[in-house]
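Some notes on the structure that comes next.
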4 protein chains.
Amino acid sequence: MRLPAPLSVCLLLSIAHTTLAQSWRPPAPSERCPSKWGADDERGAANHVTAAQVLRAVRLIRTGEIVELGRVLSSDMPMAAGRGFDLYTKRTNGPLGANKRMSNEEFVATELGQVGTQFDMFAHQGIDGSLYNCVPIEGTATRNGFTRLGVEKIGAIVTRGVLVDIAGMKGVSSLDAGYEISVDDIEAALAREHVALAPGDAVLFHTGWGRLWGVDNTKYATRSPGIGVAAAEWLAKQDVLLFGADTGPVEVLPNPDPQVDLPVHQIALVVNGIFLLENLKLDQLVASQSYEFAFVVQPLKIKGATGSTVAPIAIR
Amino acid sequence: MRLPAPLSVCLLLSIAHTTLAQSWRPPAPSERCPSKWGADDERGAANHVTAAQVLRAVRLIRTGEIVELGRVLSSDMPMAAGRGFDLYTKRTNGPLGANKRMSNEEFVATELGQVGTQFDMFAHQGIDGSLYNCVPIEGTATRNGFTRLGVEKIGAIVTRGVLVDIAGMKGVSSLDAGYEISVDDIEAALAREHVALAPGDAVLFHTGWGRLWGVDNTKYATRSPGIGVAAAEWLAKQDVLLFGADTGPVEVLPNPDPQVDLPVHQIALVVNGIFLLENLKLDQLVASQSYEFAFVVQPLKIKGATGSTVAPIAIR
Amino acid sequence: MRLPAPLSVCLLLSIAHTTLAQSWRPPAPSERCPSKWGADDERGAANHVTAAQVLRAVRLIRTGEIVELGRVLSSDMPMAAGRGFDLYTKRTNGPLGANKRMSNEEFVATELGQVGTQFDMFAHQGIDGSLYNCVPIEGTATRNGFTRLGVEKIGAIVTRGVLVDIAGMKGVSSLDAGYEISVDDIEAALAREHVALAPGDAVLFHTGWGRLWGVDNTKYATRSPGIGVAAAEWLAKQDVLLFGADTGPVEVLPNPDPQVDLPVHQIALVVNGIFLLENLKLDQLVASQSYEFAFVVQPLKIKGATGSTVAPIAIR
Amino acid sequence: MRLPAPLSVCLLLSIAHTTLAQSWRPPAPSERCPSKWGADDERGAANHVTAAQVLRAVRLIRTGEIVELGRVLSSDMPMAAGRGFDLYTKRTNGPLGANKRMSNEEFVATELGQVGTQFDMFAHQGIDGSLYNCVPIEGTATRNGFTRLGVEKIGAIVTRGVLVDIAGMKGVSSLDAGYEISVDDIEAALAREHVALAPGDAVLFHTGWGRLWGVDNTKYATRSPGIGVAAAEWLAKQDVLLFGADTGPVEVLPNPDPQVDLPVHQIALVVNGIFLLENLKLDQLVASQSYEFAFVVQPLKIKGATGSTVAPIAIR
């Protein structure tokens, strides 16, 4: 059973009568295309992954300790509306041969690009019919994936990772649902950590919302604290490679401006070619106060896909 | 459409009348259990991934160049009998909000643990009813995965990688179907590369068979050169973490002894707790003569699964 | 997202301390095998569908009116734990040709034998390792269906249908959850309807529970009124072809004896070779007081399957 | 593994240089809408299924013999490009309770509306962006089915069935691939059978092509004899309810005019609101020379689907 039609839509409608100043409208195609990485580029900020960038990351490794940042994939994890994860064991038909070999496998049916700890690729989001670099959805979307901007174009990402512990800076175990992380918040958290962002960084925001994972999945999936429009545009100016969080959408849900629906997804993926990393498990990183580390993620090379479930790590 | 019943069975039957000396029979439970990692261990050779081992790997990084070792996942890749990979685009229902957001995703139906470039976990293989560490299949296998020995127990592997270029040592572009790699072959290749194996290594065999990927998928999937019983037992003695190849089964297919069916799978996964890595893309590593490197693979944390499709890398 | 582990198990455990007289235990293999239809029979009561039986049914048709007895199949219908129904539109890749043809289809992932209005076949249920006619599960169950007792063995069923309106006889809109329909209840309802059962009948019980379908799916799927052990054994003595109801399990859930789990499924499918028909939509039949009619159901010919979702009809 | 991109496209391209007189172009929206069944109609020729029509069919039943017209659903049946049928056994997790109940089911992943013996609904086919009754695809197609013209709108069909044995009339066991059945052929076959068509009939064409089912699936699925444009338009004039055949597409494949792609699908489903019934098993009907019979088919009530796999019958 998949969950019904997007809750975000419902939330949007329920508060649509509130009057607010217009917070953000997407830039026109002429303002956002061609991308700074070139008119034919399909990799966006993944172009930051150069040998020099890899060496910069590797130099941060001191103890050799691996910190896992991915959640376990199972049917009972929190998922956005309309998504599921179903695994069926295909038990052995054996034993085979004189060695009595038995062989099990499993069949999995899932929104593979968009469940669990998850990396968002450009085919995932559009603005009024077009994707990153103004690639049109029509003619690019086929029944079996996208002919351009699929996640198989990215490859592994090895770069410097930075943990921005907003909850820690605020002195709370978790930010509240609907809390919009501001630029000031980010700067205050970085100052507290004695860290500065640099181009090509993977920036991971700790909100504390991840405590609800497996505890109150409905609450986890319905609303969350997160990045707002101003912070997203500031991050884009810092020229980061990706940003992620211990929440489903990374961005604040619902947006304080009820007229816009998940605008940070557009700012990151469509306007700036920056990736999002969702549903991170950050408790161990926070507990060890690891603010700077080598960050490695290997998106599956799913042809034409809008993203990939992943199992990223920090290496300290 | 999935492919019909295992070809390996057919091949086995077709040559079952040949009389050969008995090559290998699985050890009795008392001879293989408890595992050297302890009676309750579920991680086998993944216990090699210590901070010291990570640092050993990291020190091999010189240029920061990433070499991708994974294949693109698509419906037309070679697959073993009975497996498939089907991706269906779920196009946007938008545009949503004043920001005209559009959101695409995909539904994937596949043997997620056992397709593409792929990491084999212990729940995958058994000997007459029991798995690694003599865990019984009955009572551990449920409809929705295994309660023990699932791939979510492993975590990321960062270790020293060694390329063993058997085809290069032989001076051929590809070994022949059915060619059994011997211990002498491995030692000759390592000598040519001026490399020695060490405990915890990820050992990747280049057979050249990968040239058939996407070129002649039927040939690729039906037979292959690979590791035989003697080489597998030798590798286990070297205490390696995993071994893999640019073929489907890593091991020679069919086995020269027609009475045994994929015995190397049992020797590695069931008897010794060593992982297999299948369908590697090794051409770039071979071309650059990278025989020693940092190796990183992040199996998806699929609860109770027999393996994971992966996108491993070498970092030079 | 599929629902978690069987609720029936939880219910069973929660009341397991209650002491009750032993209500029913399954007969030993020697008592139930061979089936009265022969030791090799795989069709059980479907053997009732003879040309004479078809003519008997056809003679009941008077007005030619069709009454639909099937529910709409969709992802939001009530389903037992662990089942789902997911449909993904595969939109056209066209237009194709000078005629600008466009072609849509859909991918469906579901427990096809066991969702919606649904016909239960013998492979569905067993007693301690064996199915109808003492066919063992081990050796018959393969990864891809059963080699014996699959639903493709049955064919269409055309027979006399009888509506037994228990709720109507009781003068209630719906029986209560957990209400066990007795033999007296059935006889009283038949007397009120001036109808008697005959061998080969399809007997449909109206409990009124169907009012909850789409209204309170959780309540619908968790408990229900229905046939108990005594009524099931009486129905078997009447030599009926199938019995069904406007509930999920047809039988009372939970069983009044907390030590037995869905015993009517075993009495019907395993012991007597009689089929079950679940989740019927009976309101229209009840409203028109159609107690006797031609009944037609066409199970899909799914090779090796435990049942089939269906769309049966009554013709008056 | 699904088959690659539509073969029909390849065939079309391969012969696109042939010059032929223009055979057919779709009528403009103003010429085909509203449908003769009304501007809001979603059921087309299913409106023929009245009580009177049912009685007309029932009166044809003489012996009570049921003839099955459906194929067994399995992974190795012939399928059009991009479609599959995969079934995975979910074996019991039992035994449960003192009655040691065991319960098996299966997970099926398939293009449920478009595999096996199969009923085509209006959402399946369009002309340049619009469906039957000029319903636009855009805005009607959602990720999870169509909001209009889904197969759940139809209900069971009980009507007079007519077998038109074209192969028999021609004195051949099978028509050739690419043979276009003409109006003269149909009239000659009907004369030989002493049968005339009437409004609301289900017309089943025997081509003999069904002999290839399970014998040469590739040949079966790639090309076939069948109805052409002229015969389809003549059938529409006879006001039939549906027409079907013992082939995949019912219509001739490829079309003799290489510029049009499956035009009979558009003539039936989009222009005239007439259904198609594909992959029928007609051998038994032919062998018994049953030219007129009661025909019954129960499409699954799949919400928003483009069709349904079915198991139709003739009753003689």
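Listing for the model above:
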quantity: Matching residues, segment D:106-125, being assigned to a strand (DSSP E or B) and either within 7 Å of chain C (Cβ to nearest Cβ) or not charged (D, E, K, R) (or both); calculated: D:Glu106, D:Phe107, D:Val108, D:Ala109, D:Thr110, D:Gln118, D:Phe119, D:Gln125
quantity: Segment C:39-53, residues that are under 17 Å from the mean Cα position of the chain (by Cα), within 14 Å of chain D (Cβ to nearest Cβ) and over 14 Å from C:Phe295 (Cα atoms); calculated: C:Arg43
quantity: Some residue of segment C:180-200 being part of a helix (DSSP H, G or I) and of a type in the set (S, T, N, Q); calculated: no
quantity: In segment C:126-141, residue surrounded by the most Cβ atoms within 10 Å (Cβ to Cβ) [restricted to those that are in a loop (DSSP other than H, G, I, E, B) and aliphatic (A, V, I, L, M)]; calculated: C:Leu131
quantity: Considering residues of segment A:142-166 that are assigned to a loop (DSSP other than H, G, I, E, B) and open to solvent by less than 40 Å² (accessible area, probe 1.4 Å) only, the residue farthest from A:Lys237 (Cα to Cα); calculated: A:Arg143
quantity: Qualifying position, being touching a residue at least 60 places away in the same chain (Cβ under 8 Å) and crowded, with 23+ Cβ neighbours inside 10 Å, among B:Leu242, B:Leu235, B:Leu175; calculated: B:Leu242
quantity: Considering residues of segment B:76-102 that are under 15 Å from A:Arg143 (Cα atoms) and at the interface with chain A (Cβ under 7 Å from one of its Cβ atoms) only, the residue nearest to the chain's Cα centre (by Cα); calculated: B:Leu87
quantity: Residues within segment C:111-132 that are in contact with a Leu (Cβ under 8 Å, 6 or more places away or on another chain) and within 30 Å of A:Asn144 (Cβ to Cβ), tallied; calculated: 3
quantity: Segment A:62-75, subset within 7 Å of another protein chain (Cβ to nearest Cβ) and outside any loop (DSSP other than H, G, I, E, B), residue surrounded by the fewest Cβ atoms within 10 Å (Cβ to Cβ); calculated: A:Glu68
quantity: Candidate set from segment B:201-227 (those that are in a loop (DSSP other than H, G, I, E, B) and open to solvent by 10 Å² or more (accessible area, probe 1.4 Å)); member that is farthest from B:Ala81 (Cα to Cα); calculated: B:Val215
quantity: Condition met for A:Glu42 (crowded, with 20+ Cβ neighbours inside 10 Å, at pLDDT 85 or above and either acidic (Asp, Glu) or part of a helix (DSSP H, G or I) (or both)); calculated: yes
quantity: Any hit, segment C:269-284, residues being within 12 Å of chain D (Cβ to nearest Cβ), open to solvent by less than 10 Å² (accessible area, probe 1.4 Å) and under 28 Å from D:Ser75 (Cβ atoms); calculated: yes
quantity: Segment C:142-164 residues that are within 14 Å of chain A (Cβ to nearest Cβ), paired with ones that are in a helix (DSSP H, G or I) (beta carbon under 6 Å, 6 or more apart); calculated: C:Phe146/C:Ala123
quantity: Filtered residues of segment D:247-264 (kept if within 13 Å of chain C (Cβ to nearest Cβ) and open to solvent by less than 10 Å² (accessible area, probe 1.4 Å)); calculated: D:Glu251, D:Asp257, D:Pro258, D:Val260, D:Asp261, D:Pro263, D:Val264
quantity: Only listed residue being under 21 Å from B:Ile274 (Cα atoms), within 14 Å of chain A (Cβ to nearest Cβ) and among the β-branched types (Val, Ile, Thr), chosen from B:Ile186, B:Ile137, B:Ile181; calculated: B:Ile137
quantity: Of all residues in segment A:290-307 being under 17 Å from the mean Cα position of the chain (by Cα) and farther than 17 Å from B:Gly155 by Cα, the one that is farthest from the other protein chains (Cβ to nearest Cβ); calculated: A:Gly307
quantity: The lone exception for B:Met169 - which of (1) assigned to a loop (DSSP other than H, G, I, E, B); (2) more than 7 Å from every other protein chain (Cβ to nearest Cβ); (3) in contact with a Lys or Arg (Cβ under 7 Å, 6 or more places away or on another chain) it fails; calculated: (1)
quantity: Qualifying residue in segment A:289-306 (condition: surrounded by fewer than 24 Cβ atoms within 10 Å (Cβ to Cβ) and in contact with a Phe, Trp or Tyr (Cβ under 8 Å, 6 or more places away or on another chain)); calculated: no
quantity: Among (1) within 16 Å of the chain's Cα centre (by Cα); (2) over 27 Å from A:Ser130 (Cβ atoms); (3) among the hydrophobic types (A, V, I, L, M, F, W, C) - the single one A:Ala287 does not satisfy; calculated: (1)
quantity: Those residues of segment C:85-105 which are without any contact (Cβ under 8 Å) to a residue 12 or more places away in the chain and part of a loop (DSSP other than H, G, I, E, B), in sequence order; calculated: C:Asn93, C:Gly94, C:Pro95, C:Gly97, C:Ala98, C:Asn99, C:Lys100
quantity: First in segment D:265-292 and over 19 Å from D:Gly116 (Cβ atoms) and touching a residue at least 24 places away in the same chain (Cβ under 8 Å), second anywhere and among the polar types (S, T, N, Q) and not in a loop (DSSP other than H, G, I, E, B), Cβ under 7 Å, 6 or more apart; calculated: D:Gln266/D:Gln125; D:Val270/D:Gln125
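The values are calculated or read from the model by the stated rules, or taken from the named source; none is laboratory data. Because the structure is predicted, anything quoted here is derived from the model rather than measured. Positions of Cβ are backbone-derived with ideal geometry, glycine not excepted, and every protein chain shown enters the neighbour counts. Accessible surface areas use protein heavy atoms only, side chains included; no ligands, DNA or RNA. Shrake-Rupley method; radii C 1.70, N 1.55, O 1.52, S 1.80 Å.
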